[in-house]
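Below: one structure, written as structure tokens.
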Amino acid sequence: MKPSVFNFAYERKDGSCAVFNTFSRAVVVFDSMEQYRETFRQACTAPAPGETVCGEAAALQENGLLVADELDELDVLKYFHYKAKFSNESLILTIAPTMQCNFACPYCYEKARTGHMSTEIQDALVDYVCEKLEQGARDVDLTWYGGEPLLYPDVIDRVTGRIAGAVRTANAKLGCTMVTNGSLLTPDIVAMLQRNEINSIQITLDGMAENHNARRPFRNGGGSFDRIVSNLSLFAGTGIRVNVRMNVDRKNKGDYAALREVVDGLRPQVEISLYPALVEHLNADDLRSDVYLSGSEYEAFLRDCRGAEHLDADEMALANNRRYFCTAELDNCFVVDELGNFYKCWDEIGRPELVCFNLLDRERVNYSAIVRYVADDPFREDSRCRNCCFLPLCFGGCRYQKYYFGGVKCSFTPESVSAFVESKYLT
């Protein structure tokens with residue numbers, strides 16, 4: 001036997017040692033680092049003829065912390081990664097019924113334009129989903145996006161309803177979510193969301209009123225904070241999960257604790273949570289890059305505000321145990337705009353040179369826009385990620401960062417992973 005290459009060991013505050021296997025997600029705690037090393041040394045020692053494997057060794061093997069000498073764990077990880085990447089059992093679509101928005105956020109990376117998804121494109125989109133169901137899709141995941149999707153709720157109602165009917169006919173499963181700024185919610189719209197089983201909503205509040213209103217004003221310059229907070233109460237008793245996102249930078253990070261109190265005050269009537277997200281430089285016209293937190297500053301912020309109910313995006317990826325970094329890497333995952341253009345990444349929507357294909361002209365495929373995500377391989381010989389024990393967590397990191405910023409910011413560090421293990425498993 002040999003120790004797994006995916007073991008991550010660290011010393012805890014009380015002097016004990018925790019070992020987290022990033023592939024199996026198993027955690028074992030030893031009294032000390034010395035006990036950890038000695039236990040593995042003995043467990044890896046071949047038993048004498050007639051002896052059986054000791055109980056500790058068997059337990060470590062069962063949890064993936066010890067593996068057979070002949071096992072190539074990297075090959076096993078490749079298998080699960082490729083299986084997920086090229087499966088036709090899941091279809092993941094992020095749909096923007098419009099690129100129009102009633103906000104004027106200074107950090108927005110999208111190029112706003114007027115108009116909405118025509119009936120022709122709506123019909124072609126439903127036909128596309130039906131085709132994927134015929135090809136074996138058993139799980140369909142829809143996320144309504146924008147622009148601001150609730151500028152055109154009728155499109156959402158019509159398309160979701162028709163896709164839901166097709167999914168039921170195919171005996172498949174449908175999951176629906178939405179990303180909205182929350183300013184246009186009304187009782188009628190919330191009823192429409194319920195009717196279409198859109199059971200999870202992401203709404204952004206960038207701090208308390210002063211900071212939020214400076215970052216997420218209406219196009220006429222007015223503040224949106226009070227309206228959004230008031231609208232959150234519309235979800236009381238609906239069963240719709242509200243995930244409030246706070247985009248964090250150096251100027252507003254101090255608002256997080258106060259915003260958590262606002263969110264907590266809506267419970268238990270509203271099923272709601274708050275999580276932070278790092279504001280990143282995605283727009284060449286964005287002049288605010290001096291206020292962005294560095295990676296180390298963001299990690300320090302997370303340590304200060306961390307709570308078991310407030311996982312950040314990377315921690316949710318850890319908890320979900322997925323076999324890829326981002327759904328953009330999956331062959332059956334696209335972002336669709338109101339013109340019927342398909343893209344691989346949310347951050348690329350609206351850029352003509354990155355259109356993979358159009359619903360009305362599917363034979364003309366821009367393969368270069370697809371393969372930069374789907375064919376990128378973190379297992380190649382020259383990859384710096386290949387020998388990292390965190391590879392089962394990140395699978396090479398964000399491909400968008402890689403192609404547009406010349407490298408990948410490591411999503412997982414010893415500090416962030418040990419903090420996750422402590423909050424998720426050991427508290």
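For the reader, a short list of remarks on this structure follows.
- Any chance VAL335 is under 19 Å from the mean Cα position of the chain (by Cα), part of a helix (DSSP H, G or I) and not assigned by TED's automatic domain parsing to the domain that holds ALA18: no
- Members of region 364-411 that are charged (D, E, K, R) and at pLDDT 95 or above: ARG364
- Wholly within region 125-240, helices (runs of 4 or more DSSP H) carrying at least 3 residues that are closer than 25 Å to TYR109 by Cβ and assigned by TED's automatic domain parsing to the domain that holds MET99: 153-169, 209-215, 225-232
- Screening GLY221 on (1) at pLDDT 95 or above; (2) surrounded by fewer than 18 Cβ atoms within 10 Å (Cβ to Cβ) shows it passes everything except condition (1).
- The set of residues in region 260-271 that are farther than 23 Å from TYR298 by Cα and among the hydrophobic types (A, V, I, L, M, F, W, C) comprises LEU266, VAL270.
- Search result, residues across region 75-111 that are under 20 Å from PHE342 (Cβ atoms) and in a loop (DSSP other than H, G, I, E, B): PHE86, SER87, ASN88, GLU89, ALA96, PRO97, THR98, MET99, GLN100, TYR109, GLU110, LYS111
- Filtering region 384-403 to residues that are surrounded by fewer than 16 Cβ atoms within 10 Å (Cβ to Cβ) and under 12 Å from LYS78 (Cβ atoms) leaves only ARG386.
- All positions within region 178-201 that are closer than 19 Å to CYS333 by Cβ and either surrounded by fewer than 18 Cβ atoms within 10 Å (Cβ to Cβ) or in contact with a Gly (Cβ under 9 Å, 6 or more places away or on another chain) (or both): VAL179, SER200
- Applying the criterion of being under 24 Å from GLU70 (Cβ atoms) and of a type in the set (A, V, I, L, M, F, W, C) to the residues of region 21-40, the residue that is farthest from the chain's Cα centre (by Cα) is PHE40.
- Residues of region 166-193 that are among the polar types (S, T, N, Q) and over 23 Å from the mean Cα position of the chain (by Cα): THR169, ASN171, SER183, THR186.
Here's the yes/no breakdown for (1) surrounded by fewer than 21 Cβ atoms within 10 Å (Cβ to Cβ); (2) under 25 Å from ASN247 (Cα atoms); (3) touching a His at 6+ places or on another chain (Cβ under 7 Å):
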residue	(1), (2), (3)
VAL159	no, no, no
ARG162	yes, no, no
LYS173	yes, no, no
ILE203	no, yes, no
MET208	yes, yes, no
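- Residues of region 200-223 that are under 16 Å from LEU185 (Cβ atoms) and over 26 Å from the mean Cα position of the chain (by Cα): PHE218 alone.
- The condition of being assigned to a loop (DSSP other than H, G, I, E, B) and modelled with pLDDT of 70 or more does not hold for LEU302.
The values are calculated or read from the model by the stated rules, or taken from the named source; none is laboratory data. Fair warning: this is a prediction, and the values are worked out from it, not measured in the lab. Backbone-built Cβ (ideal geometry, glycine too); neighbour counts: all protein chains shown.
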